[in-house]
Amino acid sequence: MITLGTLFAVYLSTSDEMLPVLLSEAAAPGLIGKMLAIKAVVGMASGFLVDLVIRDERKGQDSAHVHSHQSHDEQSGRGRLALSALRHAAEVFVYILLVSFVLNLVIALIGEEALAGLLGGVPVLGQFVCALVGLIPNCASSVVLTELYLAGVLSLGSAMAGLLVNAGVGLLVLLRQNRDRRQTVRIIGTLYILGVFWGLVIELLMGGI
């Protein structure tokens, strides 16, 4: 029902747990706005680019089977919506606490300079590594990336490389629902390439901000 480019736009622009972490850490409103704006702009630009370059074979396909299940899905989903939201909020809260504790311990033991050198000491390595971390379909990955950026360990380019590809459970749904495994691999691979590319662009334009 949507194009492949629209799917990429959603994947790249979603903030997953980045926003809750920024708010919980009392990050400056300007920083929050900048990171959300980057994700939105990158998502839209990449979505248009993908639709121009990649022919979407699903476009125009009959979607009647989707509508046939719509009423049933809405009825069964409403009763579980509140519980699901509360459970997700609790999980995020626990993740933030645990990840913050572990990161603070690791940073204290290793040192910020050593950790920063490991992830950013080699040119472009940080973008490639962080994008791989961002592909982990779990909210903990976005929590880790955001916390490391706020701690000054990651540059904005490296952090955004991972946060851009971090689509949360969206990738799990893709892996489970899409029968075309080759297409799934291509989508994930393209998402990774886009994350690394935009991370490098951000690094060049904004440096170590």
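Key figures
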| item | result |
| --- | --- |
| Options Val169, Val173: the member that is over 17 Å from Cys130 (Cα atoms), surrounded by fewer than 17 Cβ atoms within 10 Å (Cβ to Cβ) and within 12 Å of the chain's Cα centre (by Cα) | Val169 |
| Qualifying residue in region 15-25 (condition: modelled with pLDDT under 90 and closer than 20 Å to Gly189 by Cα) | yes |
| Among residues of region 1-52, those that are within 18 Å of Val201 (Cα to Cα) and among the polar types (S, T, N, Q), counted | 2 |
| Considering residues of region 125-146 that are over 11 Å from Asn166 (Cα atoms) and at pLDDT below 85 only, the residue surrounded by the fewest Cβ atoms within 10 Å (Cβ to Cβ) | Leu125 |
| One residue from Gly157, Gly120, Gly199 being farther than 16 Å from Thr14 by Cβ and modelled with pLDDT of 90 or more | Gly199 |
| Search result, residues across region 170-193 that are β-branched (Val, Ile, Thr) and free of Cβ contacts under 8 Å to residues at least 24 places away in the same chain | Val173, Thr184, Val185, Ile193 |
| Failed condition for Val153, given (1) within 16 Å of the chain's Cα centre (by Cα); (2) surrounded by 14 or more Cβ atoms within 10 Å (Cβ to Cβ) | (1) |
| Filter result for Ile193 (of a type in the set (A, V, I, L, M, F, W, C), farther than 25 Å from Val94 by Cα, in a helix (DSSP H, G or I) and out of contact with any Leu (no Cβ under 8 Å at 6 or more places or on another chain)) | yes |
| Filter result for Asp16 (in a loop (DSSP other than H, G, I, E, B), surrounded by 14 or more Cβ atoms within 10 Å (Cβ to Cβ) and not polar (S, T, N, Q)) | yes |
| Any hit, region 41-54, residues being assigned to a helix (DSSP H, G or I), modelled with pLDDT of 75 or more and either aromatic (Phe, Trp, Tyr) or over 24 Å from the mean Cα position of the chain (by Cα) (or both) | yes |
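The values are calculated or read from the model by the stated rules, or taken from the named source; none is laboratory data. Everything quoted here is computed from the prediction, not taken from an experiment. Don't worry about glycine lacking a Cβ; one is built from the backbone with ideal geometry, like all the others, and counts go over all protein chains shown.
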